[in-house]
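Student: There's a structure below that I have some questions on.
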Amino acid sequence: MKRRTFYRLGLILIVLSIAGCGSDHLDDLRGFVRDAHKDKKPRIEPLPEVKTYESFAYSAEDGIDPFASFNLKPRGTSTAGGPSPDLHRRREPLEDYPLDSLKMVGTLSRGNENWAVIQAPDGTVHRAQVGNHMGQNFGKVLKINEEKVELVELIQDPLGEWIERKASISIE
């Protein structure tokens with residue numbers, strides 16, 4: 001019986017000593033966090049001043065009529081006789097892709113003939129020579145060297161006129 005009492009007393013002492021260690025010693029930190037900003041109030045910016053809407057009456061009595069017949073041209077008709085794409089020629093495989101998606105991966109040559117090796121976005125490899133077309137803007141190959149393919153594209157300006165734009169694809 002003495003043993004049992006001794007064990008119970010020991011067990012009670014162990015439980016009390018563990019309960020005494022239960023504090024996490026963070027009470028002072030919690031008090032600081034609670035009291036640090038107690039007296040400070042947040043500063044709120046004032047709302048911006050609302051500007052009133054000023055109406056504008058358009059009066060173009062003395063100006064040029066933007067809808068006059070000489071200002072209206074059907075798109076795609078050229079009056080200057082400049083460049084225009086041949087819409088009736090057979091399209092080439094590299095014209096299905098935008099020019100910036102095509103990659104030049106090398107060159108081939110036999111005698112005086114040079115070809116550029118072009119990889120399409122779907123992974124297919126094509127060869128192009130001077131005079132071939134590529135890109136979706138009617139690009140025509142002008143020159144091929146070991147570093148790049150130079151071509152000229154035909155694009156429409158805002159008035160519908162066809163203009164030439166130089167472009168190139170460099171080897172990667």
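The values are calculated or read from the model by the stated rules, or taken from the named source; none is laboratory data. Since we're looking at a predicted model, the values are computed, not measured. FYI the Cβ positions are ideal-geometry reconstructions off the backbone, even for glycines, and counts take in every protein chain you see.
Student: Of the residues Ala167, Ala120, Ala128, which single one is farther than 25 Å from Ser84 by Cα and at pLDDT 90 or above?
Tutor: So the residue among Ala167, Ala120, Ala128 that is farther than 25 Å from Ser84 by Cα and at pLDDT 90 or above is Ala120.
Student: Count, please, the residues in the range 143-160 that happen to be over 17 Å from Asp86 (Cβ atoms) and in a strand (DSSP E or B).
Tutor: Looking only at that region, the number is 5.
Student: Shifting gears a bit: Across the range 37-66, which residue is surrounded by the most Cβ atoms within 10 Å (Cβ to Cβ) among those that are hydrophobic (A, V, I, L, M, F, W, C) and modelled with pLDDT of 70 or more?
Tutor: Among them, the one singled out is Ile64.
Student: Taking the criterion of being out of contact with any Pro (no Cβ under 7 Å at 6 or more places or on another chain), in a helix (DSSP H, G or I) and of a type in the set (Asp, Glu), would at least one residue in the range 84-98 satisfy it?
Tutor: Yes, the range 84-98 has at least one match.
Student: Something else about it: What number of residues within the range 104-124 are in a strand (DSSP E or B), in contact with a Ser or Thr (Cβ under 9 Å, 6 or more places away or on another chain) and in contact (Cβ under 8 Å) with a residue 24 or more places away in the chain?
Tutor: 4
Student: Condition first: closer than 18 Å to Tyr97 by Cβ, without any contact (Cβ under 8 Å) to a residue 24 or more places away in the chain and aliphatic (A, V, I, L, M). Can you find one or more residues in the range 125-148 that meet it?
Tutor: yes
Student: When the range 113-158 is examined, which residues are found to be hydrophobic (A, V, I, L, M, F, W, C) and surrounded by fewer than 12 Cβ atoms within 10 Å (Cβ to Cβ)?
Tutor: Val125, the sole residue that qualifies.
Student: Any chance the range 161-171 includes a residue that's part of a loop (DSSP other than H, G, I, E, B) and surrounded by 12 or more Cβ atoms within 10 Å (Cβ to Cβ)?
Tutor: Yes, because at least one residue in the range 161-171 is part of a loop (DSSP other than H, G, I, E, B) and surrounded by 12 or more Cβ atoms within 10 Å (Cβ to Cβ).
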